[in-house]
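To start, the structure under review is shown below, and the notes come after it.
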Amino acid sequence: MPSGELSTRTIVQHALTSGKQVFIPYIHDIESSATQKKTSIMDMLALGSMDEFESLERDKWGIPSLQPTQVANKPNCLGGHGVSTATTKGPHGLDLIVMPGMAFDQKLRRLGHGKGYYDHFLTRYWEKEQNNNAATPKMPFLVALCLQEQMLAATEEIPVTDHDWPIDAIITGEGRLLVHQR
C-alpha cells in the first residue's frame with residue numbers, strides 16, 4: 001500500500017465472508033470525443049472472492065488492482081458490466097466507500113493524492129443517481145481511515161474547491177470517530 005495509508009485487506013475479507021458485495025476501484029483511460037484527449041478515470045468493479053483479491057497485481061502506487069483483461073465481464077456499481085456507462089434497472093449502487101487520503105481535518109475534509117479520481121467518480125455517480133433515481137437519489141456513506149499523524153490540528157484546514165466531496169466520517173488509528181452531523 002502507499003506509504004501512510006491503512007490497509008483495507010481485513011475489511012475486504014470480513015465483507016466478503018459476511019456475504020457483502022465488494023467493489024474495488026479500477027483506473028483506466030478514456031478518450032474525450034470533444035477534445036480527442038485521453039484522461040484517466042475511476043470506476044468501481046465487483047470483486048469475486050478473497051482469492052481474487054489476493055491474486056490482484058499491484059499498480060504503480062502499490063494498490064492491488066484488476067488488469068484490463070479482467071474487466072469486461074465484471075459487474076460495475078451501476079448495474080452494468082465492465083467500464084460501460086450503461087445502467088440497468090434493479091439493485092445496484094454502493095452503500096459505503098472507504099476513501100483514501102493523505103491528510104484530514106476536523107471538518108471532515110480530505111486531501112487526496114492529487115489526481116481527483118474519487119471526487120470525479122462521486123460526481124459521475126451522483127449525476128447517474130439523479131438521472132436514474134430522480135425521486136430518491138442516494139449517495140454512499142463516505143468514510144476515511146486515517147493514522148493519527150494524518151489528522152490536522154483543530155486550527156488547520158484542508159483547502160478545498162467546489163468539486164471536492166466532504167466525507168461523512170473519519171475513523172482514526174487510535175479508535176477515534178468523527179462523524180458529520182447532518
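Since every read-out is calculated from the coordinates, none of them should be taken as a lab result. Just so it is clear, the structure is predicted and the values come from calculations on it, not from any experiment. Cβ sites come from the backbone with ideal geometry, for glycine too, and all protein chains shown count toward neighbours.
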Checklist entry - Over all directions, what mean area does the Cα convex hull of the chain project, stated in square nanometres? => result 12.0
Next on the checklist: Per DSSP helix of 4 or more residues, -39500 (n - 2.57); summed, then divided by the residues of the chain. What does that give at 222 nm, rounded to the nearest 500?
Outcome noted: -5000 deg cm²/dmol
Next on the checklist: Taking θ = phi - 60°, what integer Hz values does the Karplus form 6.51 cos²θ - 1.76 cosθ + 1.60 yield along segment 99-110, in sequence order, with x for Gly and Pro?
Outcome noted: 8, x, x, 9, 8, 9, 10, 5, 8, 6, 9, 10
Item to check | Neighbour-count ranking [beta-carbon atoms within 10 angstrom, fewest first] of Trp61, Trp165 | outcome: Trp61, Trp165
Item to check | Size of electric dipole in the chain: Cβ of Lys, Arg +1 and of Asp, Glu -1, about Cα centre, debye, nearest 20 | outcome: 360
Next on the checklist: Sort Ile63, Ile97 by Cβ crowding within 10 Å, fewest neighbours at the top.
Outcome noted: Ile63, Ile97
Checklist entry - How do Asp164, Asp43 rank when sorted from fewest to most other Cβ atoms within 10 Å of their own Cβ? => result Asp164, Asp43
Next on the checklist: Semi-axes of the equivalent ellipsoid for segment 1-79, please: Cα gyration tensor eigenvalues, times 5, square-rooted, ordered largest first, whole Å.
Outcome noted: 25, 16, 11
Next on the checklist: Report the Cα centroid-to-centroid distance between segment 93-111 and segment 27-77 in angstrom, as an integer.
Outcome noted: 20
